[in-house]
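The structure appears below as structure tokens.
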Amino acid sequence: MTATAEQPASTAIGTEPVLSVRDLVKHFPITSRGVIRRKIGDIHAVCGVSFDLYPRETLGLVGESGCGKSTTGRTVLQLQPATSGSVVFQGQELTDKSSKQMRSVRRDLQIVFQDPYASLNPRMTVNDIVAEPLRIHGLHDKHSGDKMRELFRLVGLNPEHGNRYPHEFSGGQRQRIGIARALALEPKALILDEPVSALDVSIQAGVVNLLEELQDRLGLAYLFIAHDLSVVRHIADRVAVMYLGKIVELADRPELFDRPAHPYTQALMSAIPIPDPVKERERRRIVIRGDVPSPASPPSGCRFRTRCPKFANQLSEGERERCVEEEPALIERGQGHPAACHYAAVEKVL
Amino acid sequence: MSRPLTSATADAHGGTAAPAAATAVGHEAGGDAVLRVTDLTVDFPTDDGVVHAVRGVSYALSPREVLGIVGESGSGKSVTSLAIIGLLPKTARITGSVRFRGEELIGLPDKDMRKVRGEQIAMIFQDPMTSLNPVYPIGWQIAEGIRAHHRDVSRAAARSRAVDLLALVGIPHPKERAANYPHEFSGGMRQRVVIALAMANDPDVIIADEPTTALDVTVQAQILETLQKAQQETSAAIVLITHDLGVVAGVADRVLVMYAGKPVELGSVDDVYYRPRMPYSIGLLGSLPRLDAVDQDRLTPIAGAPPSLINLPPGCPFSPRCPLRQGVCDDEEPALRQTDGQAHYAACHFSHTLESEDGVPEGLFSATSADFSGPIAIMPPTGAVAPTEGPQS
């Protein structure tokens, strides 16, 4: 990994991805009420998601609530079994591993959760919380105290506070504790599931900076799951935009933000307010109507067509038929990067 | 608490040189303000001590104006609004004055307050799931809101007005949907219903407390559009409370920045965003990752955390986190004083040093990732030292 680490990951052809996800599908059963609880349908949470994560790279996975981004993260880590598809981490297939076998994999693949209040055990001191991964993996010994202090410094916390309990820390500090715990086993890759969305902005900035520094110093790969495109623009090298269980657009960061090709990406970007009064007043908004359809019965063909401004305003009757009948594949259509739209066209939004 | 506060506000009055000293802070509305808040304080006695949630808020709201109130969690922005419409629990101790068209609302018996609430001042809450009654159809709830204030309106008329309102806020098939219950709507649709409820009695003031925080961004854009439509329709003034500086930039005319229960900056959106004169506002703007930034280098967080509102030390509550901090900051709490602009106020002893700068002063906050300022330098410059080498200085 170190040999190839100097190259920018996104363009490094020939670099082996640390994590390779192919056609990942996760369905949750819907059961009937009553005693028997027959299965009456499926929530299509993740439907055929594929991506690669390279060493030292941050891949942003963005989308609105219910689009399946968190489920993707959890299924990659096998915290939930995948319905189908393949997850290859450092050359090993994870989907057919037992939970015991997964344990050794998780030394190299860790997760940081969104809610720093729910993810730390309130009855353990933070020293014990951060040391727990070491205990689980049988690495806890008399030198662990030094290791704890080092980890605390690494995430910008005072090592003297190790004997305190989670409630004695602020939200930002708790998230740092969660990050220290994830780093305790010196993983190669981190899944960051909305790591800063529960924090106030002035605190959030510190945690974002910390994540960037840790990546530079420890050579980590991040799968950064977020709903906030502004944070993703700041931290990610490549960005995958998800909608209703599918990736609709995947591109390098500058490419995606300068030349978004999928109507959903364009609408999402134009909906995000910019803290600049003049720019904000002059901006043209692409307002999309309605709400996300239920993932229990996603629309046929293109899943975004029910809300798509292009479908509603620009396409002819014949063109629309294709959106209804044929599902657009995530391929390049001359925009320089893949977008899952039959009629993908670059439009500058920002 | 009252001692530094009264002296602080007295200072501010001197600065504005307004004859009506009692209400001079930060308003341009003159005599025709619809809502005038003066020296509002709210204390909550708790087992651990008295929480000074709001420590002297004053503003005046002109008709049709949109005032954005921004601040982080715990800055007192929501409590201020709840105090205005009298929805705080009885344990809360409220002082100061809130005048709606000249009528004092603080201390008003609940019976009289009910006439103001909903009819003259309407409120939109953050969570549309909990602000609607789950066991009544939404049309019924809107009609009830109308008939609560206008007994002379017939049930049928109220119901048809409810349908009109639902159509206005963009609910498709309003006539049929009026018979639906809240759980049959999505979050965005529910918030539209709440906006329709707020508009029902043509209020003069709508207080929207984080109306879009629980919603996705694409839905947020729809709701903000609806809110602006509601304003045009009712000509109400809006107090928009949010932590999102982007939302305020697009919608508000003026901004009030709150920190630790007090306003620390007040001015037009352009003044506050382009010429901030209080280090906290500067820090807040600098810590935002921006969608329109091509290559933002490092974010500049504000070190530390907001103070506890139980035992506030004397002096400026922001001083422990402030890069401009000097001796005077720990001794005396700065008043909200007029700064360079006519209607631009900032609460900082050193805002004059920021005045010469055009635009947002840079380099005030450092792009650190640390969270405590202890004796240990936590992060040497990127890539310089391996983590195993321990403390550096």
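The values are calculated or read from the model by the stated rules, or taken from the named source; none is laboratory data. As the structure is a prediction and not an experimental result, all values here were calculated from the model. Virtual Cβ from ideal backbone geometry, glycine too; neighbours counted across all protein chains shown. Heavy atoms of the whole protein, side chains included, go into the accessibility calculation; ligands, DNA and RNA do not. Shrake-Rupley method; radii C 1.70, N 1.55, O 1.52, S 1.80 Å.
Tabulated data
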{"item": "Residues located in region B:351-375, provided they are at pLDDT 80 or above and surrounded by fewer than 19 Cβ atoms within 10 Å (Cβ to Cβ)", "result": "B:His352, B:Thr353"}
{"item": "Failed item in (1) more than 8 Å from chain A (Cβ to nearest Cβ); (2) part of a loop (DSSP other than H, G, I, E, B); (3) buried (at least 22 other Cβ atoms within 10 Å of the Cβ), with B:Gly304 passing the rest", "result": "(3)"}
{"item": "Filtered residue count, region A:275-327, keeping only those that are of a type outside the set (A, V, I, L, M) and more than 14 Å from chain B (Cβ to nearest Cβ)", "result": "23"}
{"item": "Residue check, B:Val264 assigned by TED's automatic domain parsing to the domain that holds B:Gln342, modelled with pLDDT under 90 and either touching a helix residue (DSSP H, G or I) at 6+ places or on another chain (Cβ under 9 Å) or not aliphatic (A, V, I, L, M) (or both)", "result": "no"}
{"item": "Inter-residue pairs, beta-carbon under 8 Å, first in a loop (DSSP other than H, G, I, E, B) and in region B:96-109, second open to solvent by 70 Å² or more (accessible area, probe 1.4 Å), 6+ apart", "result": "B:Leu105/B:Arg99; B:Ile106/B:Thr95"}
{"item": "For A:Pro133: the one exception among (1) within 14 Å of chain B (Cβ to nearest Cβ); (2) open to solvent by 10 Å² or more (accessible area, probe 1.4 Å)", "result": "(1)"}
{"item": "Single condition A:Ala189 does not satisfy, out of (1) in contact with a helix residue (DSSP H, G or I) (Cβ under 7 Å, 6 or more places away or on another chain); (2) open to solvent by less than 10 Å² (accessible area, probe 1.4 Å)", "result": "(1)"}
{"item": "Test set (1) open to solvent by less than 20 Å² (accessible area, probe 1.4 Å); (2) touching a residue at least 12 places away in the same chain (Cβ under 8 Å); (3) not in a loop (DSSP other than H, G, I, E, B) - A:Val196 fails condition number", "result": "(3)"}
{"item": "In region A:92-110, residue most open to solvent (accessible area, probe 1.4 Å) [restricted to those that are assigned to a loop (DSSP other than H, G, I, E, B) and touching a residue at least 24 places away in the same chain (Cβ under 8 Å)]", "result": "A:Arg107"}
{"item": "Restricting region A:293-314 to residues that are farther than 20 Å from A:His27 by Cβ and among the basic types (Lys, Arg), the residue that is least open to solvent (accessible area, probe 1.4 Å)", "result": "A:Arg307"}
{"item": "Index of the failed condition, A:Arg238 passing every other in (1) surrounded by fewer than 19 Cβ atoms within 10 Å (Cβ to Cβ); (2) touching a helix residue (DSSP H, G or I) at 6+ places or on another chain (Cβ under 6 Å); (3) among the basic types (Lys, Arg); (4) more than 10 Å from chain B (Cβ to nearest Cβ)", "result": "(1)"}
{"item": "From A:Glu317, A:Glu326, A:Glu280, residue being open to solvent by less than 20 Å² (accessible area, probe 1.4 Å) and charged (D, E, K, R)", "result": "A:Glu280"}
{"item": "Matching entry among A:Arg181, A:Arg153 (being open to solvent by 10 Å² or more (accessible area, probe 1.4 Å), within 14 Å of another protein chain (Cβ to nearest Cβ) and in contact with a Pro (Cβ under 7 Å, 6 or more places away or on another chain))", "result": "A:Arg153"}
{"item": "Residues being in a loop (DSSP other than H, G, I, E, B) and open to solvent by 80 Å² or more (accessible area, probe 1.4 Å) - total across region A:21-56", "result": "6"}
{"item": "Every residue from region B:231-253 that is away from every other protein chain (no Cβ under 11 Å) and open to solvent by 10 Å² or more (accessible area, probe 1.4 Å)", "result": "B:Gln231, B:Gln232, B:Glu233, B:Thr234, B:Ser235"}
{"item": "Pairs, first free of Cβ contacts under 8 Å to residues at least 24 places away in the same chain in region B:274-298, second among the basic types (Lys, Arg) and in a loop (DSSP other than H, G, I, E, B), C-beta under 7 Å, six or more apart", "result": "B:Gln296/B:Arg290"}
{"item": "Qualifying residue in region A:126-147 (condition: of a type in the set (S, T, N, Q) and within 25 Å of A:Gly219 (Cβ to Cβ))", "result": "yes"}
{"item": "Any hit, region A:49-60, residues being modelled with pLDDT under 95 and farther than 24 Å from A:Asp237 by Cα", "result": "no"}
{"item": "Total residues in region A:58-88, condition assigned to a strand (DSSP E or B) and more than 16 Å from the chain's Cα centre (by Cα)", "result": "4"}
{"item": "Hits in region B:171-213 (condition: among the hydroxyl-bearing types (Ser, Thr, Tyr) and under 19 Å from B:Leu87 (Cβ atoms))", "result": "B:Thr213"}
{"item": "Some residue of region A:158-169 being buried (at least 24 other Cβ atoms within 10 Å of the Cβ), under 20 Å from A:Asn121 (Cβ atoms) and touching a Leu at 6+ places or on another chain (Cβ under 7 Å)", "result": "no"}
{"item": "Condition met for B:Phe318 (crowded, with 22+ Cβ neighbours inside 10 Å and either more than 14 Å from every other protein chain (Cβ to nearest Cβ) or touching a residue at least 12 places away in the same chain (Cβ under 8 Å) (or both))", "result": "yes"}
{"item": "Condition check for A:His143: at pLDDT below 95 and open to solvent by less than 70 Å² (accessible area, probe 1.4 Å)", "result": "no"}
{"item": "Number of the condition not met by B:Arg337 [criteria: (1) of a type in the set (Lys, Arg); (2) within 14 Å of chain A (Cβ to nearest Cβ); (3) over 18 Å from B:Val70 (Cβ atoms)]", "result": "(2)"}
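Condition check ((1) touching a residue at least 24 places away in the same chain (Cβ under 8 Å); (2) at the interface with chain B (Cβ under 9 Å from one of its Cβ atoms); (3) in a strand (DSSP E or B); (4) over 26 Å from B:Thr212 (Cα atoms)) across all residues:
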site: A:Ser202; (1), (2), (3), (4): no, yes, no, no
site: A:Val208; (1), (2), (3), (4): yes, yes, no, no
site: A:Leu211; (1), (2), (3), (4): yes, yes, no, yes
site: A:Asp216; (1), (2), (3), (4): no, yes, no, yes
site: A:Tyr222; (1), (2), (3), (4): yes, no, yes, yes
site: A:Ala251; (1), (2), (3), (4): yes, no, yes, yes
site: A:Ala261; (1), (2), (3), (4): yes, no, no, yes
site: A:Pro273; (1), (2), (3), (4): no, yes, no, no
